[in-house]
Every structure is written in C-alpha cells, then in structure tokens.
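Okay, so here's the structure we're looking at.
The values are calculated or read from the model by the stated rules, or taken from the named source; none is laboratory data. All of these numbers come straight from a predicted model, not from anything done at the bench. Here the Cβ is made from the backbone with ideal geometry for all residues, glycine too, and neighbour counts use every protein chain on show.
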Amino acid sequence: MLKKVRIINTFKQLDQSIKNNMSHEFLTYLVFLLIAIAIWYLNALNKDYTADLKFTVKYTDLPEGKVLVNTPSEYLTLTINAQGFTLLKYRFGLIFHPVTLEASYQTLRRNSNVPQGEYFLTAQSVFDRIAAQLSSDVKLRLVAPDTLKFLFSETIRKDIPVKSTLQLQFEKGFLPRGNMRIEPGTITVTGPQALIDTMHYVYTQAKVFKKLKDSLRTSVDLQPVHQLRYSVGEVRIVQAIERHTEATIAVPVEPVNLPEGLTMKFFPASVTVSCMVPIVDYEKLQPYMFRAVADYASVMKDAKDNQTKVKVSLLRTPDYITDVKFHPKNVDFIIEK
C-alpha cells in the first residue's frame, strides 16, 4: 500500500515539474513575441503612408448683407501622405482641428451659367490654403469634394406677429377670461426674402400648463427657424384666469339684407344662448351684447325650395365668455309688406 502511495506522489511531482517548465518557457516566448511585435510596429510607423482623413470645415468672412441659403459641405476628405506616427495622431484626434476657409467675394467665384447668387470654391483654388493648415510633416495630395457651392440671398427685415402654441389645462370651474396677451405681439425678423415671404407667424415653443386656477404670467422662447434672426428670443405670455359659471340669455333674432318696405318675423323671436362666464361678469351680461341674425338673402336664394325656416347666425358675443352655444339653429319666419 505504501509503495502505491509513493508511486502516485512521484508521478504527481513529475507532472507538476513538467507544467512549471512549460509555463516558464511559454511566458518567456510570449514576452519575446510582444517585444518583436512592438519593434516591428514602431519600425512600420516610421514609414510613410497615404491615407484619406475626414476634416470638419469652418467658413469665415461670409459677405455682409447676405445669408447663406444652402448648406455647403461640412466635411472635407483630405488625401495626405505622412509618417505612420503622424497619421496615428490624426486618427486619434491628437492634432485634429477644423479646416478654415474664407468664403468672401474676394475668394469666391461665380459662374455666369448658374443662377444669380450662386458661387463656388474649387479644391484647386483652396489647395494651398488647406495645405498650410496641416502639420509641416504632412503632404496634401487630394481634396474632396472638388467643388464647394454657396447660394446666397438678399436679407430683408419684416415685422411678423407672434402666435402662441401653449396648451392650457384648467382646474374644474376655472377658464380663461379674455384673450391671451403676448408681449411683444410682433417682432422683427431678418433673413432670406424667399423664406420670410412665406411666413405668417413666428411661433412660441410648445409648453403644457396643467391645473391652472390663477392668472398665468410666463416667458416662453420662440421657435428658431434656420437662417432667420429675431429681434427678441422670447416673449411674455399673460392670460387672466377666473372661476366661471354657466349662464343662459335670450337674444332676439334680427333680419339682415331686408329690402325697404318689407318686414320679417321669426318664430321663436329669440334664441337661447348658453355660455360660461366669469363670476365677476355674470351680473352685467345683457342681450344687447349679443347679435343673432337671419339673412333675407339666403331665403330668396332658396325660395324655389319653399323653405319655411331660416338659419340663425350669432355674429357678436362679449370677448370674456367661452363655450358659447345657442338654439334653435333655424327658426320659422314670415315676410310681410
């Protein structure tokens, strides 16, 4: 039994010795391999290579009184020749910087065959300027794209009203009183005429206000539009909010477009208007503040249909009421001389 144990221990020791030797040899081999790779890599980086690198481009000295309508290329692809070390620095952004190009009338060229206001820069004309912005140990071989186009437009100024895009949500029983006030209600916009001529409003940024029960006073940024400049960047919004109650009132129907010598009677003679009114204004609500009309001309237009009813329109209401409804929408009538 003791012999078996000794034999097993001997084999274990022999196996561990072999593993230790192999492990030592492998580590030695690995270290020399890494050293060899590093030497090869350093030697390779000392050689010259040609590569395509993408550079952002910044345009300066744009013509005064003009606005750039199109978007010239934001990047230039430069084919350069340099040592591997230098290319590696560019790849990792260690010496990466945007290329700056002057886009003034002195440097731009205009082709008579293209629309007025369109100019261009060729890669050949800016080649030396780009090369001068690179490291001294870099040789510029090629620039792409070969042509950069610029489309300019005359700038104009125009006063344009501001329109709110706010969403107001109210506590139960509370509603706005009167119209929303925007300060300033009109701003001056500067930009390309072709763009400004299509604008009817300048809009505020969208915002949602919930559970309102007190008057709202807030400042809101304006929605930016590319190529446009505003005289102000924000406006002030004021909206009165008050507790409301429901009100009903009888408003007499009156005829319009009625020829002289004729009278027009309606049945019923008035319509019932229901609305939400601020509690503070409830007592002063009177029928004369409303105007309900029926058009004689519409009766004559459809006389061949032997109609017996005419449509009622509500032309005037106080500006502080909301949710206005009325009935009936059509009334019977008779015409007398």
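Here are some notes:
- Residues within segment 203-222 that are touching a Ser or Thr at 6+ places or on another chain (Cβ under 9 Å) and touching a residue at least 40 places away in the same chain (Cβ under 8 Å), tallied: 8
- All positions within segment 60-76 that are within 11 Å of Ser153 (Cα to Cα) and hydrophobic (A, V, I, L, M, F, W, C): Val67, Leu68, Val69
- Residue in segment 239-255 that is outside any strand (DSSP E or B) and within 30 Å of Thr188 (Cα to Cα) present: yes
- Lone unmet requirement of (1) among the hydrophobic types (A, V, I, L, M, F, W, C); (2) in a strand (DSSP E or B); (3) in contact with a helix residue (DSSP H, G or I) (Cβ under 8 Å, 6 or more places away or on another chain) for Phe209: (3)
- Strands (runs of 3 or more DSSP E) within segment 101-175 that include 2 or more residues among the hydroxyl-bearing types (Ser, Thr, Tyr) and buried (at least 16 other Cβ atoms within 10 Å of the Cβ): 147-163
- Taking first residues from segment 251-272 that are modelled with pLDDT of 95 or more and partners that are surrounded by 13 or more Cβ atoms within 10 Å (Cβ to Cβ) and in a loop (DSSP other than H, G, I, E, B), the Cβ contacts under 6 Å between residues at least 6 apart in sequence or on separate chains come to Val251/Phe290.
- Verdict on Gly178 being closer than 30 Å to Ile279 by Cβ and modelled with pLDDT under 85: yes
- Scope segment 153-163; condition touching a Lys or Arg at 6+ places or on another chain (Cβ under 9 Å) and either at pLDDT 95 or above or not small (Gly, Ala, Ser) (or both); matching residues: Glu154, Thr155
- Residue check for Ser313: over 13 Å from Ile249 (Cα atoms) and out of contact with any Pro (no Cβ under 9 Å at 6 or more places or on another chain): yes
Yes/no per residue for (1) part of a strand (DSSP E or B); (2) at pLDDT below 75; (3) in contact with a Cys (Cβ under 9 Å, 6 or more places away or on another chain); (4) surrounded by 13 or more Cβ atoms within 10 Å (Cβ to Cβ):
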{"site": "Leu42", "(1), (2), (3), (4)": "no, yes, no, no"}
{"site": "Val57", "(1), (2), (3), (4)": "yes, no, no, yes"}
{"site": "Leu62", "(1), (2), (3), (4)": "no, no, no, yes"}
{"site": "Val67", "(1), (2), (3), (4)": "yes, no, no, yes"}
{"site": "Asn70", "(1), (2), (3), (4)": "no, no, no, no"}
{"site": "Leu76", "(1), (2), (3), (4)": "yes, no, no, yes"}
{"site": "Ile80", "(1), (2), (3), (4)": "yes, no, no, yes"}
{"site": "Thr86", "(1), (2), (3), (4)": "no, yes, no, yes"}
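- Residue that is surrounded by the most Cβ atoms within 10 Å (Cβ to Cβ) [pool: residues in segment 256-292 that are assigned to a loop (DSSP other than H, G, I, E, B) and of a type in the set (A, V, I, L, M)]: Leu285
- Lone qualifier among Leu285, Leu228 - being within 30 Å of Asp159 (Cα to Cα) and of a type in the set (A, V, I, L, M, F, W, C): Leu228
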